[in-house]
Structure formats: structure tokens, C-alpha cells
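The structure appears below as C-alpha cells.
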């Protein structure tokens, strides 16, 4: 099975492919960076996704999947396993369970003054290991500040209508996620009648052992 992994804000999962391949040794893997998802050619992105048996869209990667209309008919018809949305940022500033828009704006402004501190603080909230945080920050610090700020502002734009009801899918949501909170995904799941599974003890970071274990179980069941 070929899995295509979509990166969240400021992330580049291509740098973590060895870790992913170790966790799923029987599968083929491709990762698409956040920069490529955010700015890449639509036809090229759809072509990459059309070769996938399964798509794992993480955080803002899930938002971009729908905002950029990457789920073409050809992509949908190629999938042999449910679309996995891990801590999806589908309505990041949702009233009552999301981030206040003022916080996103302040974070975007702070990128101009002290990008390293902003990115390091965000990485620590994800719940990754020190080694993963270091690698993530090195990659994120190479991204243009303006692009990072534009990505933050896009997080404030909700996916207004659920395109998922006719697509086999599953939301995987960590119970300890400090970025996309459990309440956020739960309210979307209820409103849109989406399938969701809570991963107890998992944070926001895609590659924590608990979240990887959940993805492994879903892949095996599928």
C-alpha cells in the first residue's frame, strides 16, 4: 500500500520519512511538505495524490486538502483505505473550542521579530521529542516569514461544508492535543456527522508512538 502524508503548518514530513518507514515497513511512503501543499501547482499535487492508496492529512494539511480542492475524482477513485485526518485544522478558530483570531494575528506579527522563539514554542506544544523538535525547527526556520504568516492567517478560514460525508474517512484526534483540541474535532464530528476516534494520551505531533499506533491499527483493520 502506498501512503501519502500531508504536512501541517511549517512542517516538512519528508525529513521524517525514515521514522515513518520504520513504523510502516510493509508500505511505500511519500510525504508532501507544507510549503508544497500551500504554494505548489494544483495539477502536480493532484497527480501525486492520485497514486495514493491512502492519504494521511495532518493538521493544516487537512485544511489545504480541501481549500485547494485536491481531492479530485481521480484521487478519490484511487484510494483503497479511508482518508485519515489527524488533528485536522478544519475550523481552527471555531468559537468555543478553537484558537482566538487575535492569537493567530499576534503569532504572525511575532514571526517578524523573533521567528525562532515562535516556532520553538509551537513545536513544544505539539508534544514531539527534543530530537524531533530540533529537526522540525531547523526545517521551519528556513521557510519565508511572509509565507508562514500567510499560512497562519489561512488557519482562520474554516472548511465551511463537509466534503467528507461521501468519502470513507476517519478523524484521529489526540486527547492531549494542545493545538487542535479534542473539543474542536468533536464538535465538527457531531455537526458534520463524521467518523472520529479519540487517541488517549496523544498530543498534536503526528509521529508520537500513540498516534502511530492508532494509524497502524486503522491501516490493519482497513
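Subtracting the Cα-Cα distance of residue 67 and residue 103 from their residue separation scaled by 0.36 nm leaves 10.8 nm.
For the chain, taking the reciprocal of the average inverse distance between every pair of different Cα atoms yields a Kirkwood hydrodynamic radius of 17.3 Å.
Is the C-alpha gyration tensor of the range 1-57 telling us rounded, prolate or oblate? Criteria: a/c under 1.5 is rounded; beyond that, a/b larger than b/c is prolate, otherwise oblate. Oblate shape, in that a/c is at least 1.5 and b/c is the bigger or equal ratio. Can you work out the PRE-style zone for residue 186? Point 7 Å along Cα to Cβ, and I want the residues of the range 140-176 with backbone N under 14 Å. Answer for this model: 173-176.
Rounded, prolate or oblate: pick one for the range 1-116, where a ≥ b ≥ c are the square roots of the eigenvalues of its C-alpha gyration tensor, a/c under 1.5 means rounded, and failing that, prolate if a/b is larger than b/c, else oblate. Judged from the Cα gyration tensor, the range 1-116 comes out prolate (a/c at least 1.5, a/b above b/c).
If R0 is 41 Å, the Cβ-Cβ spacing of residue 142 and residue 195 corresponds to a FRET efficiency of close to 0.65. Modelled this way, with points 7 Å down the Cα-to-C-beta line, the labels at residue 42 and residue 95 are 3.1 nm from one another. For residue 121 and residue 14, a Förster radius of 22 Å and the Cβ-Cβ distance give a FRET efficiency of 0.40, rounded to the nearest 0.05.
Put the Cα centre of the range 25-99 next to the Cα centre of the range 161-222 and the gap is 14 Å. Across all Cα pairs in the range 32-95, the calculated P(r) in 10 Å bins from zero up to the longest distance comes to 22, 56, 19, 2 percent per bin.
Taking each DSSP H run with n ≥ 4 as -39500 (n - 2.57) and averaging over every residue of the chain yields -14500 deg cm²/dmol at 222 nm. Result for the chain in a Gaussian network model with C-alpha springs under 10 Å: among 110, 202, 81, the largest mean-square fluctuation is at 110.
Taking 155, 111, 207 in turn, the Gaussian network model of the chain (Cα-Cα springs below 10 Å) assigns the largest fluctuation to 111.
With the simple model of a label 7 Å out from the Cα in the direction of the Cβ, residue 134 to residue 112 spans 3.3 nm.
Based on the alpha-carbon gyration tensor of the range 106-222 and its eigenvalue square roots a ≥ b ≥ c, which shape applies: rounded if a/c is under 1.5, prolate if not and a/b is larger than b/c, or oblate? It comes out oblate by the Cα gyration axes.
Between residue 161 and residue 28, the contour length at 0.36 nm per residue exceeds the alpha carbon distance by 44.7 nm.
Read-outs: derived from the displayed coordinates by stated rules, not from any lab. Computed from a predicted structure; not experimentally measured. Here Cβ is always computed from backbone atoms with ideal geometry, including for glycine, and neighbour counts include all displayed protein chains.
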